[in-house]
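Undergrad: Below you will find the structure I want to go over with you.
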Amino acid sequence: MRIDKYLWCIRIYKTRSLATDACKKGHVKIGGSNVKASRELFGSELLLVRKDQINYQLKVLDIPENRVGAKLVDLYRKDMTPKEEFEKNELLKFAKDYYRKKGEGRPTKKDRRDIEGYQEETNETL
């Protein structure tokens, strides 16, 4: 089975074209080397898939005939991703936490005036 079809069948990617694009961008590796989307995949191979800034390590257990349900995915692959990969992703979320809440957008004129007023007050006290 082609590797892009396999990644789609085991629900790593939502569409087959997304799986093909990931292969073209070098996000899918076997044995440390990038693979093309058309590469044939065999059982007991180790895949490295980079998705959402996480490096997933997947071992191929079996090849499905077509796309499988979410409950049956573990019959066809074994997830060997270390927990540190997921912990790094959690730390990135905290690093991106700004003083403004998500969705508030950039500062308004009122926010700018408040900031300038605060700066003037602190300069007068010095």
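The values are calculated or read from the model by the stated rules, or taken from the named source; none is laboratory data. What you see is a predicted model; the values in this text were computed from it and never measured. Don't worry about glycine lacking a Cβ; one is built from the backbone with ideal geometry, like all the others, and counts go over all protein chains shown.
Each row is one residue, and each column tells you yes or no for (1) at pLDDT below 95; (2) among the hydrophobic types (A, V, I, L, M, F, W, C).
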position: Ile3; (1), (2): no, yes
position: Lys14; (1), (2): no, no
position: Ser17; (1), (2): no, no
position: Lys29; (1), (2): no, no
position: Ser33; (1), (2): yes, no
position: Ser44; (1), (2): yes, no
position: Val49; (1), (2): no, yes
position: Ile54; (1), (2): yes, yes
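Undergrad: Now, a different point. I'd like the residue in region 55-96 that is within 19 Å of Thr15 (Cβ to Cβ) and in contact with a helix residue (DSSP H, G or I) (Cβ under 7 Å, 6 or more places away or on another chain) and, out of all such residues, is surrounded by the fewest Cβ atoms within 10 Å (Cβ to Cβ).
TA: By that ranking, first place goes to Asn66.
Undergrad: Can you pull out every residue in region 45-63 that is more than 23 Å from Lys24 (Cβ to Cβ) and either in contact with a Cys (Cβ under 8 Å, 6 or more places away or on another chain) or of a type in the set (Asp, Glu) (or both)?
TA: Asp62
Undergrad: Sticking with this structure for a sec: Please tell me if Lys5 is surrounded by 15 or more Cβ atoms within 10 Å (Cβ to Cβ) and assigned to a helix (DSSP H, G or I).
TA: Taking the combined requirement at face value, the residue satisfies it.
Undergrad: Then there is this: Condition first: under 14 Å from the mean Cα position of the chain (by Cα), outside any loop (DSSP other than H, G, I, E, B) and closer than 19 Å to Asp62 by Cα. Now tell me which residues in region 8-37 satisfy that.
TA: Ala19, Val28 - these are the residues of region 8-37 that are under 14 Å from the mean Cα position of the chain (by Cα), outside any loop (DSSP other than H, G, I, E, B) and closer than 19 Å to Asp62 by Cα.
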